[in-house]
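The values are calculated or read from the model by the stated rules, or taken from the named source; none is laboratory data. What you see is a predicted model, and the numbers here were worked out from it, not measured in a lab. Cβ placement follows ideal geometry from the backbone for every residue including glycine, while neighbour counts extend to all protein chains displayed. Only protein heavy atoms, including side chains, enter the accessible area calculation; ligands, DNA and RNA are left aside. Shrake-Rupley method; radii C 1.70, N 1.55, O 1.52, S 1.80 Å.
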Amino acid sequence: MTVTTKLLRLLELEGTLTGRLILLQLVGWLLVGCWGELDGFLGLSLLPQLPFGFSPEWSSLLRAPWTLLSYIFPHEHPLHLLANLLLLYWVGLEVERQLGAARTLALYIYGALAGSLSYLLGYQLSLLSGIGLILPLSLVGASAAILMVASVSLLTAWPSYSAARRATLGLVSLLVVGYIAAGLISDFNRGGALAHLGAILAGLLYWSAQRRGYEPSRALEGYLQRHQLLGCTPSAAQTEPLSSTTSPLSEAEQSELLALQQRLRYSGYPSLTSQEQQRLLHLLSRSTDQPLTQGDAQA
């Protein structure tokens, strides 16, 4: 057993999406940092000078549209990267267990997009207003992606937390809000503050849509699972549907039950509306020929 394997097992990262994301962020940071140095090292000019940080100017975006996502790899300095990796480790494992690998990765991607688009929107509105409070600086770092994942997880699991944990997470949330507010009222990091705020608001919108029975990330999750990106694979529930020969439910009802069970698994019982909770109990009772209560459904 290698030292790396022992370390991954010690940190509970072996075979997890969180571990692969941390590795991807590290490798991406190293590659982006080395990209501009390779020509000088080789004494040639073979490599194009590609931007990776996100600029909120339309001309820059049209020249380099990939920066809407690639900005999560470069960081201001090693401590910036370390802070984001520690944050990813702190929230990633719990979110992955709670929501599953595919949904966690989908939220990570959505969070990155929400951050860059929020910066773009804020900068363009600032220009249109004639105030010009936001400078077109390069946005770098994975904070926005991590914050959207964390916000959806926090909102989804909040009803199940103990009073002590709610107090702790509430204090952490206040510190994050205070940091964002400080960035908005000062001029040292307005772009980053807008990206953070946009990611959190996107997480709130996602959670709200989820509560109403929508699944905004279903298409992206399906794509990630079909192509098994970063190890995202379909769950057993998706690959082994109920048999119509042994179940008293029709094929349509089996599909409906499977969808509700997937919601229950990824988002928790509180994410279901009262009508969906009753429908879930009804379908489960019919499929097992036994009357069930809400406690049975949540178990």
Does residue 220 satisfy being modelled with pLDDT of 90 or more and either within 13 Å of the chain's Cα centre (by Cα) or assigned to a loop (DSSP other than H, G, I, E, B) (or both)?
yes
Starting from region 66-84, take each residue that is over 18 Å from residue 18 (Cα atoms) and touching a residue at least 60 places away in the same chain (Cβ under 8 Å) and list its partners that are among the hydroxyl-bearing types (Ser, Thr, Tyr) and open to solvent by less than 40 Å² (accessible area, probe 1.4 Å), counting only C-beta distances under 7 angstrom and pairs at least six apart or across chains.
71/116
Considering only region 175-200, state which residues are surrounded by fewer than 14 Cβ atoms within 10 Å (Cβ to Cβ) and over 19 Å from residue 149 (Cβ atoms).
178, 181, 182, 185, 186, 187, 188
Hey, can you tell me all the residues within region 201-219 that are of a type in the set (A, V, I, L, M, F, W, C) and open to solvent by less than 50 Å² (accessible area, probe 1.4 Å)?
202, 209
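Looking at region 157-167, which of its residues are part of a helix (DSSP H, G or I) and surrounded by fewer than 12 Cβ atoms within 10 Å (Cβ to Cβ)? Steps first, answer last, please.
Narrowing region 157-167 to residues part of a helix (DSSP H, G or I): 157-160, 163-167.
If the condition is that a residue be part of a helix (DSSP H, G or I) and surrounded by fewer than 12 Cβ atoms within 10 Å (Cβ to Cβ), then 159, 163, 164, 167 are the ones that fit.
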Please specify each residue of region 52-76 satisfying the condition of being part of a loop (DSSP other than H, G, I, E, B) and open to solvent by 60 Å² or more (accessible area, probe 1.4 Å).
57, 65, 66, 76
Of (1) surrounded by fewer than 19 Cβ atoms within 10 Å (Cβ to Cβ); (2) part of a helix (DSSP H, G or I), residue 49 satisfies every one except (2)
Test residue 111 against the criterion of being of a type in the set (Gly, Ala, Ser) and either touching an Asp or Glu at 6+ places or on another chain (Cβ under 9 Å) or closer than 28 Å to residue 55 by Cβ (or both), and give yes or no.
yes
I'm checking my understanding of the structure. Among residues of region 168-194 that are assigned to a helix (DSSP H, G or I) and of a type in the set (S, T, N, Q), which one is farthest from the chain's Cα centre (by Cα)?
168
For region 138-197, how many residues meet the condition of being under 30 Å from residue 51 (Cα atoms), in contact (Cβ under 8 Å) with a residue 24 or more places away in the chain and not hydroxyl-bearing (Ser, Thr, Tyr)?
20
Can we say residue 123 is modelled with pLDDT of 90 or more, open to solvent by 20 Å² or more (accessible area, probe 1.4 Å) and part of a helix (DSSP H, G or I)?
no
